[in-house]
Amino acid sequence: MSETYVRLPRARKDKLVTTELAGEKLIYDEKLDKAHCLNRTAALVWEHCDGRTTVAQMARLLEREMKSSTSDEMVWLALHQLEKSHLLEETVARPAQVAKMSRREMVRRLGIAAAITLPLITTIVAPAAVDAASCLGNGSPCTPTGPACCPGLACGLIPPVCHIT
Amino acid sequence: MRNKPHGGNLGRLIANTLAGSWRSSPPSLEISVKELDAVTPSLLETGAGALGWRRVCDSELSSSESALQLGQAYRMHALRAAIHERDIGEIFGLMRSHGIEPVLVKGWAIAQLYIHAGLRPYGDIDLCVRPDKYEAASALLESEEGKRYGVDLHRGFEKFDKSAWDEMWSRSRLLEMNSSQVRVLCNEDHLRLLCSHFLREGAWRPIWLCDIAVAIESIAADFDWDLCLRQDQRRREWIACTIALAQKLLRANVDKVPAEARAMRLPRWLTPSVLKAWEARAMQERHKAPVSSARHHPIYALKKLRHHWPNPIEGTVGMNGSFNEWPRLPFQLGNCLMRTADLLLRNRKTRRHLLT
C-alpha cells in the first residue's frame, strides 16, 4: 500500500485531561504526569487519529483548515511527535524518506511562510514559582523547605506528609 | 515603551500590571522589560501569572523571558482548571451519594466569573458542609475514595461569615459545570465572603483583590446590595473599603456599587499595608512554617517566627476593629496574643485528647 493511503493510528484517550487555550490544545497525561501543548496542526492531526482517516486525507484536511500549502510529510512529522509524546495507541512506521527528514529540512522545503504551520508539541513546565503558589493537600509528601501544606495542615516528620493539625 | 527605573515599589508595580487584566480587552500595559522581570516572580508565586500574561501577550514584551514564563503559567493553570473541574464534579457526586450537599466557596466559584477558568488558579477545593454533617464529610474525605481530592473542608460558613448556615444555604444556587451541578453561594453572599476573606488573610494575594474586581464588574441588575451589606456597621465598612481598594489599586469599575459604599474613605494606613503585603511575601513564608509545625521542626519554625507577626489589616480584622485612622499597633499586638492563646488552648486540647 502506498504511504499516502496508510491510515492514521488511533489517538490515546485514556488517562488524559485535555483543554483548549488560544488555538492550542493542552493535554495532561495522568499516567506519565506530563503536560503537553499541541499547536493547531498537531492538535488537528491528533483529533483525526481515529484509525480510519488516511495520511493523504489528513494532509488535505490540514490544507483546508490551515489555509496553507501542506504535504504528507507534515502529517508524518506530526505523527512522529505524537508518538514520542505517548499520545497514540499504536506505533507508526514512517516511510524511509520521511524518517530521515529533520524539522529543519522540512522548513527548507516548505519555505519560511509555511513553516509556522509545522506541527509542534512542547512540554509544559510550570515555572518554579507557580508550584509554590499552590498548597499541598492532606497526605501529600512534603519537606520543611518545599511547597507549603494547605492551611490547617502541617508537614509531619515521620512520615513526611501534610497532615491535619 | 517607558523605561521607568524600578524604584523598589514592587507592590504598586504588581497593582499596575494586574489592573484590568481580567477584562476581555485588557488595557495596554506600559512597562519596561526590567519592570516585568521584577514583577514576574511575585505574580507567579501568588497565582496571578496568567493575568499578568493577558497584559503582555499582545505587546512587544510578549517574547521576553518573563512573558514566556507567564504564558507557561497560564497553560498550566488552564490544565489544572480542567483537572479541578473533573474533581469537583466527582467530589460532589461522592458527597451527594452519602447524603451530604456541600457548598463550594472561592476557587471555582470565582474562577467561573473570569473569561477563562485558567486565569484564576486555585490549589484546593473549599467545601462548606452543614455543621452536623462535618464529621461524616471529614470521614468520607479521609476514606480511600475521598482522599485523592485536595479538599479544604469547613464546618458551615463560620470561618467566613457571621450569617447562619440555614440562611446562606437557602440562598445558595446550583451552577452547571460540564455534566454536573455545583452548589455555590448567591452572588451577594459570595462577594461579602470574598471581601472578608481578603482582609482576614491580610490581603497578601493580589489575585484576591482581582476576584473582588471581577465580582463587582459582573454584578447583574438584580444584585441586592442590602443583602450583601446588611451585616453590622463594622463589616459594611470593611466591605466598602475592600471595594474602594479594588477601584484604587486595580481600577475596578465601581459604577454598579451604591453611592454609600463608593463614598467610603480609605484610612491612610490601608493602601500602603496592602502594597507592602504584596511586596513582602511574608504570608507565603508563614504558610511554609505554620506554628503547629514547631512540634516537628522547632528550629525551622523559630527561624520563621517573624513571618507570623500580623499585618495591620489582619490585626484589625482579627480584633474586629474599625478601619479608622487610629494606630494599628494595638490591634496587631492584640491579634498576636489572641492567636497565641488560641494555639496554646488547641495544643492543650489535643494533648488531653491523646491522653484519654
Which value in nm describes the separation of the simple spin-label points at residue A:108 and residue B:255, placed 7 Å from the Cα toward the beta carbon? 5.9
Most fluctuating of B:140, B:174, B:343 in the GNM of chain B (C-alpha, under 10 Å) is B:343
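Evaluate the relative contact order of the range B:136-184 (contact order divided by residue number), counting alpha-carbon pairs under 8 angstrom at least 6 apart; express in whole percent.
17
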Rounded to the nearest 0.05, what FRET efficiency is calculated for residue A:53 and residue A:30 with R0 set to 25 Å and r the Cβ-Cβ distance? 0.45
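How shielded is A:18-26 by partner chains, expressed as the average number of their Cβ atoms within 10 Å of its Cβ atoms?
Rounded to a whole number, the mean comes out at 5.
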Pop the C-beta distance of residue B:342 and residue B:186 into the FRET formula with R0 = 25 Å and round what comes out to the nearest 0.05. 0.20
Going Cα to Cα from residue A:100, which lysines come in below 30 Å? Please leave out same-chain ones fewer than 8 positions away. A:13, A:25, A:34, A:67, A:84
Taking the Cβ-Cβ separation of residue B:65 and residue B:28 as r and a Förster radius of 22 Å, what is the calculated FRET efficiency to the nearest 0.05? 0.60
Check which residues have an amide H placed less than 5 Å from residue A:88's amide H, if you skip close sequence neighbours. A:12
In square angstrom, rounded to the nearest 10, how much accessible surface does residue A:5 have for a 1.4 Å probe? 140
Taking a cut-off of 20 Å between Cα atoms, list the aspartates and glutamates near residue B:162, but don't count ones fewer than 8 places away on the same chain. B:126, B:132, B:152, B:188, B:189, B:201, B:224, B:226, B:232, B:237, B:314, B:342
By a straight-distance test (C-alpha under 22 Å), which lysines pair with residue B:248 as possible cross-link partners, with residues fewer than eight away in the same chain excluded? B:4, B:256, B:276
Any residue on another chain or 5+ positions along whose placed amide H is under 5 Å from the amide H of residue B:186 is listed here as B:172, B:173
Assign unit charges at the C-beta atoms only (+1 for Lys and Arg, -1 for Asp and Glu), then state the dipole size of the range A:16-129 relative to its Cα centre in Debye, rounded to the nearest 20. 520
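I need to check one value: relative contact order of chain B, counting alpha carbon pairs closer than 8 Å and at least 6 residues apart, in percent.
Across chain B, relative contact order equals 14 percent.
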Got a sec to turn the phi values of the range B:118-135 into Karplus ³J(HN,Hα) couplings, 6.51 cos²θ - 1.76 cosθ + 1.60 with θ = phi - 60°, whole Hz, x for Gly and Pro? x, 6, 10, x, 8, x, 10, 10, 7, 10, 9, 10, 3, x, 6, 9, 4, 4
Once Lys and Arg are counted +1 and Asp and Glu -1 for all other residues with Cβ under 15 Å from that of residue B:117, the total becomes +1
How large is the helix-only mean residue ellipticity at 222 nm for chain B, computed as the sum of -39500 (n - 2.57) over DSSP H runs with n ≥ 4, divided by its residue count, in deg cm²/dmol to the nearest 500? -17000 deg cm²/dmol
Here the alpha-carbon Rg of the range B:6-270 over 2.2 N^0.38 Å rounds to 1.03
Across peptide B:123-129, what mean number of C-beta atoms from other chains lies inside 10 Å of a residue's C-beta? 3
Non-local residues with an amide H under 5 Å from the amide H of residue A:21, with H modelled 1.01 Å from N and Pro and chain starts lacking one, are A:26
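The values are calculated or read from the model by the stated rules, or taken from the named source; none is laboratory data. Bear in mind that the values here come from a model prediction, so they are computed numbers and not experimental data. Positions of Cβ are generated from backbone atoms using ideal geometry, with glycine treated the same way; all protein chains shown enter the neighbour counts. Ligands, DNA and RNA are stripped out before the accessible areas are found, and what is left, the full protein with its side chains, is counted by its heavy atoms. Shrake-Rupley method; radii C 1.70, N 1.55, O 1.52, S 1.80 Å.
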